[in-house]
Amino acid sequence: MNPHRRQLLGWGAAAAGAALAPGLRLIELAQARSPQEAASKLQRWGLLIDITKCTDCDVCVTACHEENGVSGHGRPATDAQWIRKVSLRDKRTGYAQTLPLMCQHCEDPPCVDVCPTGASFRRDDGIVLVDKHTCIGCRYCVMACPYGARSVVHEAVSGQKAGVPRGKGTVESCTLCVHRVDRGQTPACVEACNRDGGKAMAFGDLNDPAAEIHRRLKSEPSSQVRADLALNTGVRYQGL
Amino acid sequence: MARVHYREIEGGSGGYYALLGALAALIFAGLVAAWTMEHEGHYVTGMSNRIVWGTPHVFAVFLIVAASGALNVASIASVFGRDLYKPLARLSGLLAVTLLAGGLAVLVLDLGRPDRLIVAMTHYNFKSIFAWNIFLYTGFFAVVGVYMWTLFERRLNLYSKGVGLVALLWRLVLTTGTGSIFGFLVAREPYDSALLAPLFIVMSFSFGLAIFVLVLMAACGWTGRALGEVVLKRLRELLGVFVATVLYFVAVHHLTNLYIARQHDLERFFLWEGGVYPALFWFGQVLIGGLLPLLLLFGTASRRALAAAALCVILGGLAQLYVLIIGGQAYPQRIFPDKEVSSSFFDGVVAAYAPSLPEVALGAGGVALALALTAVALKVLPFLPRSLADGDVGGSTA
Amino acid sequence: MMRIAAGIVVAALMAAGCADAEEKRARRIALPVFKIEKGGTCVAPIEEMRRDHMTMLLHQRDRTVRQGLREPRNSLGNCIECHASRETGSVLGKEGFCASCHAYASVSIDCFECHTPLRRQRTAARP
């Protein structure tokens, strides 16, 4: 798609969003790719999370696990979590914060480096995924992830959601709701946060000058978790 | 030097079959454990989303590390030309192969999808140390196989030095690879050190030789072969040096961390506050696996002391790998420095872990597999010299 | 390998074989059930589907997962939409389209360890 058209559509979508209801963004994306169009290197999907707006709620977590069919067996140590709320307290000042943490969709993901079969991979548009067809369940990626973002499916799964395969013995993590993104929707956590939560999360193409996320990252301070590792994460935080 | 005469072990006694039966039972238990873990899923084990590598990996890494170390005796004979070790070279090569087979069996059977082993053989990501290791391990079998051929076949004996050198270099790279599985993990402070590669190499020297000594003493004892003091003295001193070297590397690793402020929490955990891990470190790894063997090896000259020292080295080695592998995961990842972290996903807390029966059974099954393969191979091919009495071994360097 | 071998076996069983042997076999072994409730034609001729459906799925799977190409034609979801039983909504189960033939051919299916075997009927029916 040519960039000019993208931009126009982006503005159109923004206008439509603004017209629908202020603050309620039903349409975040310019447009869905057509099914015949491969994920492109020109894009880099990401999240911007303003944790000053992040409240004690966990609608992002609930929405994610509902959307992706991530259900537990009442065994916290082995149940999968694709996204979790983390509470922070400064060791010296006691300053408390809370934020959602999930796969950070790094540009140089350690999980992808270590995967022996290449099952852990980064799609051209920056989404880090596990190809469960070639995952042998060695869990080396879990060892390598600096964010503790990955889970091992510890027992048989049934009742999977149609677009979200999950199965015993393989590793999984946040997919940035790739099945929704490919349809032109925003990830479930972002949608829920903006509908029922603190409106702290934004989703978009980090490379697209017309995207809100791009503009905010350009004009406002933001940070990466474990920036010292220089992984260039796709998920950025504000107020951290 | 007098020609060494090798002979298969008799292998017909009740004791031999009792040994094989016991090992077969352990292997069977390991297979049942693997089947259970694969069928039910890994929740039946002590492993979790925070401790993804558990007891099976302690055993597997131990066996793999020991495998490369077991080859040392052969290397000393072939590459460094020490005649005294020549009669021991075949057994050394055999143990290298069987221990690796046992370790790999454990590693593979613990996979979440062991049925997809073929995928691991057909899809490679060459940036992954695991992928390199797949080649290093299979290559090791091939290289040691050829090496043993040059040891067995008289016409090929002259090549044994060259092939032995390749095998030595291969095993050094292999253990570097095993150590780097952990050493390259930037995400976890307890690993993330280039020191782990050489540490694993000296660990392999020590663990491999300890197993070699025990197997040699048992095989000679049970088959009525003479085992002279000359050989034992040499092995005793060698093991002592290796044990001391391991202690040195461990000390350097900890001292480095103690010096660096951001690693202080880590050291407090592993040396003092971390519950079972400091206990295993001080009592298992340092005392039983280090100081006690040194005392036994250099303090006395008795055979029992040597056997006890070798056993201590093995136990200490298992403790060391338990602390490294499981303790390294139990220690919380530092995602947000300077913050106290809490979540429903066990962030900021020490992850709980207790070995489960299936894990221990699988690990012990791997050990049993290695020993059973060794016992069978000793019966099938002439790995052991007829005598290792003082007069029968190359005394020139004794 | 397994899949190709199995494909050849199935194709051989379907296409060839003398009537006698087939009758005998039919008496001994439960034959697969082909109840395709939704009319129309498949994405390729039946012979081709019987022989190559696994290759088509494999190809599509890599395109979808790796490149994000979600062409519906050869997708597993598209198979399930047509071939799921009307009663159970599934391609598995005793008379399930996938399960019964795979049981007959004695080839295990790995798809449904992770993928749902159910048709998306409810979401489709939603206005």
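The values are calculated or read from the model by the stated rules, or taken from the named source; none is laboratory data. What you see is a predicted model; the values in this text were computed from it and never measured. Neighbour counts are summed over all protein chains in view; Cβ atoms, including those assigned to glycine, are modelled from backbone coordinates with ideal geometry. Accessible surface is based on the protein model in full, side chains and every heavy atom, while ligands, DNA and RNA are left aside. Shrake-Rupley method; radii C 1.70, N 1.55, O 1.52, S 1.80 Å.
Inter-part distance, region B:69-101 to region C:49-98, computed on C-alpha centroids, equals 55 Å. A simple spin-label model places the labels of B:SER302 and B:PHE141 4.2 nm from each other, with each point 7 Å out along Cα-to-Cβ. The region of chain B that goes longest without hitting one of the GluC sites (Glu not before Pro) in a DSSP loop, each with at most 14 other Cβ atoms within 10 Å, is B:154-398.
Counting Cβ atoms of other protein chains within 10 Å of each residue's Cβ and taking the mean over peptide A:120-130 gives 2.
Of all the C-alpha pairs in chain B, what % are more than 30 Å from each other? Numbers along the way, then the final one.
On the way: 32133 of 79003 pairs.
The calculated P(r) of chain B puts 41 percent of pairs beyond 30 Å.
Its Cα gyration tensor gives region A:102-178 an equivalent ellipsoid. The semi-axes, each the square root of 5 times an eigenvalue, are 19, 14, 11 Å from largest down.
Largest first, how would A:GLU172, C:GLU71 line up by accessible area (1.4 Å probe)? Each step should come with its number before you reach the end.
On the way: A:GLU172 0, C:GLU71 30 Å².
Of A:GLU172, C:GLU71, the descending order of accessible area is C:GLU71, A:GLU172.
Within 10 Å of the Cβ of each residue in A:68-78, the mean number of Cβ atoms contributed by other protein chains is 3.
Loop sites only, by DSSP: take the trypsin sites (Lys or Arg not before Pro) in chain A that have at most 14 other C-beta atoms within 10 Å and name the longest stretch containing none of them. Spell out each step's value before the answer.
Working: sites that count: A:LYS41, A:LYS53, A:LYS91, A:ARG92, A:ARG183.
Longest run free of exposed loop sites: A:93-182.
Surface composition of chain B: carbon and sulfur atoms hold 70% of the protein heavy-atom accessible area at a 1.4 Å probe.
The residues of region A:211-226 occluded by other protein chains by 50 Å² or more of accessible area, set against the chain on its own, are A:ARG226; surface from heavy atoms, 1.4 Å probe. Rolling a 1.4 Å probe over the protein heavy atoms leaves A:CYS138 with an accessible area of roughly 20 Å². Take the Cβ atoms of B:ARG268 and B:ALA226, set R0 to 41 Å, and the FRET efficiency comes out at 0.20. For the protein assembly as shown, the solvent-accessible area works out to 44 Å² per residue, with a probe of 1.4 Å and every protein chain left in place. Would you please classify the overall shape of the protein assembly as shown from the alpha carbon gyration tensor, given that a ≥ b ≥ c denote the square roots of the eigenvalues, rounded means a/c under 1.5, and beyond that prolate means a/b larger than b/c while oblate covers the rest? Because a/c hits 1.5 or more and a/b fails to exceed b/c, the protein assembly as shown counts as oblate.
For peptide B:107-117, compute the average count of partner chain beta-carbon atoms within 10 Å of each residue's beta-carbon. Provide the component values of the computation, followed by the final result.
Working: counts 1, 2, 0, 3, 6, 13, 12, 3, 6, 10, 1.
What the average comes to for B:107-117 is 5.
Chain A against chain C buries an accessible area of about 1700 Å², both chains summed, 1.4 Å probe radius.
Computed over protein heavy atoms with a 1.4 angstrom probe, the accessible surface ordering of B:SER344, A:SER223, largest first, is B:SER344, A:SER223. Computed across chain A, the Kirkwood radius stands at 18.5 Å (inverse of mean 1/r, all Cα pairs).
Across the alpha-carbon atoms of region B:317-395, the computed radius of gyration and Dmax are 23.1, 68 angstrom. Remark: spin-label model distance C:ALA30-A:ASN232 equals 5.6 nm, labels positioned 7 Å along the Cα→Cβ axis.
Taking other residues whose beta carbon is less than 14 angstrom from the beta carbon of B:PHE184, and scoring Lys, Arg as +1 and Asp, Glu as -1, yields -2.
Summed for both chains, how many Å² of accessible area, to the nearest 100, are buried between A and B with a 1.4 Å probe?
Details: alone 12300 and 18270 Å², together 26010 Å².
The A and B chains share an interface burying roughly 4600 Å².
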